[in-house]
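A short write-up of the structure that comes next.
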Amino acid sequence: MTNILDDYALMSPLRHRNNWLKLAVVFFGLLIGVSSTSAITPLFIALSMSFATVALGKAPLKLYLKLLLAPVGFAATGVIIIAFFSGSGPELLSFKLIGYPFSIRADGLELALLVLSRSLSGMCCLYFLSLTTPMIELFAVLKASRLPESVIELSMLIYRYIFVFLDMALSIRYAQTVRLGYSNLRRSIHSMSMLGSTLFIRSWEQGDKLFLAMNSRCYDGKMTLFEVHRPVRATELFLTFAYFLSTLILFYFTKNISIV
Amino acid sequence: MIILETRDLKYTYPDGTSAIQDLNIEIKKGKKVAFVGQNGSGKSTLFLLLNGTLKPEEGEVLFHGAPFKYDSKSLREIRKSVGIVFQNSDDQIFAPTVYQDVAFGPANLGYSKERVDACVQHALEHVGLSRLKDKPPHHLSGGQKKRVAIAGVMAMEPEVIILDEPLSNLDPMGADEIMDLLHEFNHFGSTIIISTHDVDLAYRWSDYVFLMSNSKLIGQGTPAEIFREQELLKKAGLRQPTTLEIYHEIERRGLAYGRNSPKTIPELVNTLKPLDLMWVDVPPKVKEGDSLNLGVMYGEYATQSPYEAINASVLHIHPNGRAIVELKRKGIKAGGVLLYDTDNYSLEEIRQILKEGEMVFVGAMGKKSKNLVEQDGIHLDVTSGVIDKSILMALCGKRCLILTAGGMVDHALKRIREYVEKSGIEFTVGVVNREEGCKWLEEADESPEMLKL
């Protein structure tokens, strides 16, 4: 059953590595990527993060590319507009469309490439996190970041019941579909509203049952979170630092380099 | 000793429907108790009353002779001692991972972190889910979820475990594993209470049955007593257990005698004893009513085990010197059932036993043993209904090995010995890798040829 990102993260071998190390790598990547002034460093970060996600984290390559396609599509449209409508400097390309002149200038292209590479690196970093670190590992991180206990407890319960209700919603939808509940627009709207109201009532009931279940196991208003201890190995630490260092060096030497 | 007791218990739902009326029950410690009744007969409500979740309108519930008090401290004590497993596992499992869910109970009891960890590991190992402890519940199958729910209750080490419809939505294999688990808990002294509308299960499994109908108790007794009462069952909207029904039909046709109540297939088979008649040539001086020793038979003449000592009593002598005799058989070299305790597991030892003991039938009981054995590539002939099938194989003169662990070893040993005692058919039973050893392996050198006529 692999339907959502969390499922892939649960199966990833990187799941069993230290969460803080992964978070450090991701935040480092985000920071450097965004603050870089040349397109080269963010591209390097995007490549290395993709490598880590697909080769080390064993995320299926096809899925990964598909995932990237959506945000890259958005970024690309924005980038095209930037390329055409901003910047000065020598004209690289110009043409006329229905009487209007369009042109790409060097500065504009440079800026467009920078924006594209920055957003790509950011996305790769976040995908690395979401494809290697399932939600259940992040509860410990939430706890360590001093969030109120009740927020963490609630998030744990919500996480669990998302899947219960997802199952419920899917089976209700299926039951509606086989009885032609979605055969035209009017019926679809009607069925959808019934699904919503049923889910609301069911979740209310489920709340009662949950209280019962917790009470019968001596619930005293506190849910203890048991962290799995995952020490960072020396090789992991060394490799991370090597990666940080090489990125920083690249960052320093490419700060004034323009590709165009 | 009575562990749980109710006196004149009455409970009505807020909307006015009555759920329990005038209920007086006594549950003895260490028993396997089944509440049987149709859906909506009040079983689930009763369980919530027994666990202190609901407060009775009238009457009282007593634990170890002391009435329940409903302040939070006493309730805590009761809920620690009386664990309840709900019908729908999704209602019960609420933590994001298996480990966290099982740890919930012990953590609430205020145990230290180490003790909680020990409790959880122990419970998970028992139900055979140690490998899945970091999984989220939505990645588990129905049977696995049920086992997590049981482990969550077990981790609190309750004296009484109540299970509401433990086998609903489980496949036969999963159901069998849960029942094996329950047998084992019971063996270690837990009192187990289940509710079910599966009469076969209640008949086979329980020591004591409460029959419920329309929020009232309409009968109680041992399963053999209760399920014989056709009228009572009809009143409860239930039918007779299949084995009992078959037996009654057989009895009606004169193929079995003695008003037995066979619970398992081996017991049922054992009741099938038609007159065993045979034509034999007899010496001239033999009279009707004499007893003859026909010696040892084997091959097609031995029907119950490979070698049988047969005595015959002469019923009628024909003028030509032939006589009709009734045969009384006693198995000599029947098969047997060996148990292997996988707590002291050694692959080599098992391989040796399989080879030297000429085992033809291997079964495993309990998830833990199954996992262990399957990892090492030992072929299992049977993984569900193991005890019954092994007895049936042993009756046909085959040798069986059952791999299991902990309390299930003793449970299996007890069940098979009981069968041998009841049926009078001898076959070897023993545990291989325990101190008492096993007679059978030593006997294996002895050639069966010696027993020929």
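The values are calculated or read from the model by the stated rules, or taken from the named source; none is laboratory data. Computed from a predicted model, the values in this text were never measured in an experiment. Neighbour counts run over all protein chains shown; Cβ positions are idealised from the backbone, glycine included.
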Checklist outcome for this item: Subset of the range A:159-191, residues among the aliphatic types (A, V, I, L, M), part of a helix (DSSP H, G or I) and farther than 26 Å from residue A:6 by Cα, comes to A:175, A:178, A:185, A:189
Checklist outcome for this item: In the range A:175-217, residues that are more than 14 Å from every other protein chain (Cβ to nearest Cβ) and of a type outside the set (Gly, Ala, Ser) total 19
Checklist entry - Can you tell me which residues in the range A:36-82 are among the aliphatic types (A, V, I, L, M) and farther than 30 Å from residue A:10 by Cα? => result A:39, A:40, A:76, A:79, A:80, A:81, A:82
Checklist entry - Considering only the range B:350-389, how many residues are among the acidic types (Asp, Glu), surrounded by fewer than 18 Cβ atoms within 10 Å (Cβ to Cβ) and under 23 Å from residue B:428 (Cα atoms)? => result 3
Checklist entry - When only residues in the range A:149-172 that are more than 11 Å from chain B (Cβ to nearest Cβ) and out of contact with any Ser or Thr (no Cβ under 8 Å at 6 or more places or on another chain) count, which is farthest from residue A:194 (Cα to Cα)? => result A:149
Checklist entry - Which of the residues belonging to the range B:197-248 are in contact with a strand residue (DSSP E or B) (Cβ under 6 Å, 6 or more places away or on another chain) and of a type in the set (Ser, Thr, Tyr)? => result B:206, B:208, B:213, B:215
Checklist outcome for this item: Of the residues in the range B:40-97, those that are assigned to a strand (DSSP E or B), within 14 Å of chain A (Cβ to nearest Cβ) and more than 27 Å from residue A:159 (Cβ to Cβ) come to B:82
Checklist entry - Can you name every residue in the range A:218-234 that is surrounded by fewer than 11 Cβ atoms within 10 Å (Cβ to Cβ) and more than 10 Å from chain B (Cβ to nearest Cβ)? => result A:229, A:231, A:234
Checklist entry - When residues of the range B:191-220 are filtered for being surrounded by fewer than 22 Cβ atoms within 10 Å (Cβ to Cβ) and assigned to a loop (DSSP other than H, G, I, E, B), how many remain? => result 4
Checklist outcome for this item: Subset of the range B:98-112, residues of a type in the set (Gly, Ala, Ser) and either facing another protein chain (nearest Cβ under 7 Å) or crowded, with 21+ Cβ neighbours inside 10 Å (or both), comes to B:103, B:105, B:107
Checklist entry - Within the range B:60-78, is there a residue that is touching a Cys at 6+ places or on another chain (Cβ under 7 Å), closer than 22 Å to residue B:7 by Cα and of a type outside the set (S, T, N, Q)? => result yes
Next on the checklist: Can you pull out every residue in the range A:4-59 that is assigned to a loop (DSSP other than H, G, I, E, B) and more than 14 Å from chain B (Cβ to nearest Cβ)?
Outcome noted: A:18, A:36, A:37, A:38, A:39, A:57, A:58, A:59
Checklist outcome for this item: residue A:182 passes all but one of the listed conditions (1) assigned by TED's automatic domain parsing to the domain that holds residue A:156; (2) loosely packed, with under 15 Cβ neighbours inside 10 Å; (3) without any contact (Cβ under 8 Å) to a residue 12 or more places away in the chain; the exception is number (2)
Item to check | Of residues in the range B:113-143 being facing chain A (nearest Cβ under 9 Å) and assigned to a helix (DSSP H, G or I), the one surrounded by the fewest Cβ atoms within 10 Å (Cβ to Cβ) | outcome: B:113
Item to check | residue A:54, sole failed condition from (1) modelled with pLDDT under 90; (2) surrounded by 13 or more Cβ atoms within 10 Å (Cβ to Cβ) | outcome: (1)
